[in-house]
Each structure stands twice: as structure tokens, then as C-alpha cells.
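See below for the structure under consideration.
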Amino acid sequence: MYTRILVPIDGSPTSNLALAEAGELARLTGAQVCLLHILDPVAHASGFERPETYRQDILPQARQNAQALLDQARAQLTGAGVSTETELIENRDASVARLVVEHASQWGASVIVLGTQGRRGIERMLMGSDAEQIARHASVPVLLVRQPGRPSAPASTST
């Protein structure tokens, strides 16, 4: 069944739920987990800092924070007896969805487990959905984990 579970994480509440779900799935199946964090260096630039300050102070701190996030998630899973590895990718110019799908293929993932905000309507149109793009383009099953209590799409009724 599932032997290699890829879990993209970003520290958000839905990402944390996906981490817990993946951990339970791995525990039940004996699967190995790869925790993936994609660091977007541009997201840490305000545009007001000097380039050398960004290179010497801000970017190293962003990398350190990203690695700490991965280390904390790894400790959570290994503490539950799950074989876990981590991967930190610095995004230069690709979409997050593309990087996740490519890493899943390269690593040989049998399933991707990730959190989703469950955006709808105009918010989804404006913000986009990495989760939707991953689900559309991944060559393996994708398990989307949503925050409890989020409204779901209304059920279609036939009359």
C-alpha cells in the first residue's frame, strides 16, 4: 500500500494536522515519511534592507527557522516510532506545487499528505490553491487534510 509518504509542511495549523495524519498513516502501515519544507527566500525580503544585510543576516535566519520547523516535525514523528527524513528546498522561481510534485516523483513517494485551507469562491480564485495544483498534477494519490469546522461544499440534491 503506502510505503513512502511525502508531507509538505509550513508550520500552519492545517500543515500540523496533515503532519499528524501522515504520522498515524505511517504508524499503521509502517511507511517512511519525508517532511518537505519549501523556503521562499523572496518572502523574507522587505525591499528596504541592504543586499549584504539580507545575505548575511536575514536569509541565514530564514534557513535556520525552516530547518528548526523540519527538526521539530521530525522529532514528533520519530517519537511516535515513525521513520522520518527531512528535505529543505529553496525556491528560486518555481511554483510550490511544481516543486512538491517533482520531489514526490524524485523521492518515490507513494502518497502525498498535505493540509489545505479549503478556500472557496473569490478567495480561491485570487489566492489560488497549491493543494489543488498538487492534486491535479501528482502521479500518486494525494490526501488533503482540512481544518475541522471549515464549511464544506453544499451537497448536491436532486429533486
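The values are calculated or read from the model by the stated rules, or taken from the named source; none is laboratory data. What you see is a predicted model, and the numbers here were worked out from it, not measured in a lab. Note that we place each Cβ from the backbone using ideal geometry, even for glycine, and neighbour counts take in every protein chain shown.
Could you list, in sequence order, all residues of the stretch 50-60 that are in a helix (DSSP H, G or I) and either aliphatic (A, V, I, L, M) or out of contact with any helix residue (DSSP H, G or I) (no Cβ under 9 Å at 6 or more places or on another chain) (or both)?
PRO51, GLU52, THR53, ARG55, GLN56, ASP57, ILE58, LEU59, PRO60
Taking the condition modelled with pLDDT of 95 or more, closer than 23 Å to SER105 by Cα, touching a Gly at 6+ places or on another chain (Cβ under 7 Å) and surrounded by 14 or more Cβ atoms within 10 Å (Cβ to Cβ), does LEU77 pass?
yes
Which condition number in (1) modelled with pLDDT of 85 or more; (2) not in a helix (DSSP H, G or I) is the one that GLN133 fails?
Going through (1) modelled with pLDDT of 85 or more; (2) not in a helix (DSSP H, G or I) one by one, GLN133 breaks only (2).
Mind counting the residues in the stretch 88-107 that are part of a helix (DSSP H, G or I), closer than 18 Å to ALA131 by Cα and in contact (Cβ under 8 Å) with a residue 40 or more places away in the chain?
Adding up the residues that qualify gives 6.
If I ask for residues that are closer than 25 Å to GLY30 by Cβ and surrounded by fewer than 17 Cβ atoms within 10 Å (Cβ to Cβ), which ones from the stretch 87-109 would you list?
Passing the criteria: GLU87, SER105, GLN106, TRP107, GLY108.
Can you find a residue in the stretch 19-38 that is surrounded by fewer than 19 Cβ atoms within 10 Å (Cβ to Cβ), of a type in the set (Ser, Thr, Tyr) and at pLDDT 95 or above?
yes
Going by what's in this entry, would ARG63 be described as out of contact with any Cys (no Cβ under 6 Å at 6 or more places or on another chain), at pLDDT below 90, charged (D, E, K, R) and assigned to a helix (DSSP H, G or I)?
no
Which members of the stretch 62-88 meet the condition of being out of contact with any helix residue (DSSP H, G or I) (no Cβ under 6 Å at 6 or more places or on another chain) and among the hydrophobic types (A, V, I, L, M, F, W, C)?
Within the stretch 62-88, ALA66, ALA68, LEU69, LEU70, ALA75 qualify.
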